[in-house]
Amino acid sequence: MKLKMMYSFLNSDINIIEKELGETIQARSLLLKQASMHTLQAGGKRIRPVFVLLAGKYGDYDINVMKNVAVALELIHMASLVHDDVIDDADLRRGQPTVKAKWDSQTAMYTGDFVFALALKLMTNIKNPEAHKILANTMVQVTVGEIQQIKDKYRFNQNLRDYLRRIKRKTALLIAASCQLGAIAANVEESVHKKLYLFGYFVGMSYQIIDDILDFTGTEKELGKPAGGDLLQGNITAPALFAMENKEIKKAIETVHENMTAAEIGKIITLIKQSGAIAKSVALSDQYLDKALRILDELPDNKAKKALRDIAKFIGRRKF
């Protein structure tokens with residue numbers, strides 16, 4: 001089943017979110033407008049807005065309220081990607097030139113700032129102070145995670161705990177916040193919105209681990225960027241960490257540097273894939289996926305619950 005079919009009952013509301021995204025990023029500056037639209041038109045799964053809306057189904061669902069949170073969370077995600085591409089010196093994102101590549105790093109940084117500021121402006125329509133506190137704390141942690149990723153580049157002696165802490169901040173917390181903030185915007189009781197937060201956190205961990213696996217197993221066409229790009233940029237992810245349990249492979253991985261040729265990095269990717277590290281990484285992702293599904297069992301039954309379960313399983317077992 002395709003991802004969009006899993007929440008097809010939200011189609012009309014998703015269309016509203018998509019329209020709102022386009023209208024929100026309009027700017028008087030032609031350059032800002034073009035760069036922001038370029039980012040939006042690159043596409044994406046819109047997972048965060050979907051989680052916002054599904055979480056809202058546990059309470060007083062009003063799309064005119066929910067859209068503020070859904071659009072804000074997607075804008076924050078978009079802004080983080082624009083900034084990431086500058087930090088990683090990436091030329092491609094989803095098979096399209098990045099803002100940095102199409103314009104320059106300065107334009108990309110200010111575009112990211114602009115999009116992030118628009119998200120904060122939208123969130124002012126949510127009057128619950130707790131929602132703003134959660135979002136602020138989440139952004140603090142995301143920023144810490146990004147800084148830690150920079151510090152950890154080419155640090156080959158890091159361990160699995162370092163990696164898990166990093167992806168928690170880098171990815172999982174924003175997905176967790178999407179679930180919780182969607183529920184809070186719909187006045188869902190605290191015991192339920194805290195469980196939705198945990199569900200989002202566990203799904204987010206599984207999502208990022210699978211993403212890191214696909215960087216080794218996917219094709220450039222599927223990924224929209226060259227395979228092995230994370231390792232080439234010095235980002236040591238689960239497959240590399242598990243592969244480095246083999247001393248000989250560890251020595252090979254420790255030779256990685258940003259100027260390696262495609263053939264050189266290709267040989268190391270082959271060693272990692274042959275080491276059993278991919279299977280260990282999948283098992284790690286499955287542990288988080290199972291935790292997410294167990295949390296769902298504790299939530300009231302409704303239409304959204306089935307969609308959340310189906311999406312979680314899709315995320316944890318996707319091939320691209």
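The values are calculated or read from the model by the stated rules, or taken from the named source; none is laboratory data. Remember, predicted model here, so these are calculated numbers, not experimental data. Every residue, glycine among them, receives a Cβ derived from its backbone with ideal geometry; neighbour counts consider all protein chains shown. Just so you know, the surface numbers come from the protein's heavy atoms only, side chains and all, with ligands and any DNA or RNA stripped out. Shrake-Rupley method; radii C 1.70, N 1.55, O 1.52, S 1.80 Å.
The peptide list 128-141, 99-112, put in order of mean Cβ contacts within 10 Å with the highest first, becomes 99-112, 128-141.
Add +1 for every Lys or Arg and -1 for every Asp or Glu among the other residues with Cβ under 15 Å from the Cβ of E189, and state the total. After counting each charged neighbour, the total is -1.
Taking all Cα pairs closer than 8 Å and separated by 6 or more residues, the relative contact order of segment 26-138 comes to 30 percent. Both radii come from the Cα set of segment 80-123: Rg as radius of gyration, Rh as Kirkwood radius; their ratio Rg/Rh reads 1.02. The share of Cα pairs per 10 Å bin across segment 130-259, counted from zero up to the longest distance, runs 12, 36, 30, 16, 6, 0 percent. Compared with the dominant Cα axis of the chain, that is its longest principal axis, helix 63-87 is turned about 20°. Here the relative contact order of segment 158-308, from alpha carbon pairs under 8 Å that lie six or more residues apart, stands at 27 percent. Remark: relative contact order (the chain) = 20 percent; criterion is Cα-Cα distance under 8 angstrom and separation of 6 or more residues. The distance from the alpha carbon centre of segment 163-188 to that of segment 138-154 is 16 Å, rounded to a whole number.
Within the chain, the percentage of alpha carbon pairs spaced more than 34 angstrom apart rounds to 22%. A cut-off under 11 angstrom between Cβ atoms defines the neighbours of I265, and their net charge, with Lys, Arg +1 and Asp, Glu -1, is -2. Considering only S12, I236, V256, and ranking their Cα positions along the charge dipole of the chain that arises from unit charges at the beta-carbon of Lys, Arg, Asp and Glu, the one farthest toward the positive end is S12. Could you give the angle, 0 to 90 degrees to the nearest 10, between helix 190-217's Cα long axis and the longest principal axis of the Cα atoms of the chain? For helix 190-217, the angle is close to 30 degrees. When a 1.4 Å probe is rolled over the protein heavy atoms, the share of accessible surface on segment 194-320 that falls to carbon and sulfur comes to 54 percent. Note the angle between two axes, namely the Cα long axis of helix 277-297 and the longest principal axis of the Cα atoms of the chain, as a number of degrees from 0 to 90, rounded to the nearest 10. The two axes meet at around 20 degrees. The residues of the chain expose on average 46 square angstrom of accessible surface per residue, using a 1.4 Å probe on protein heavy atoms.
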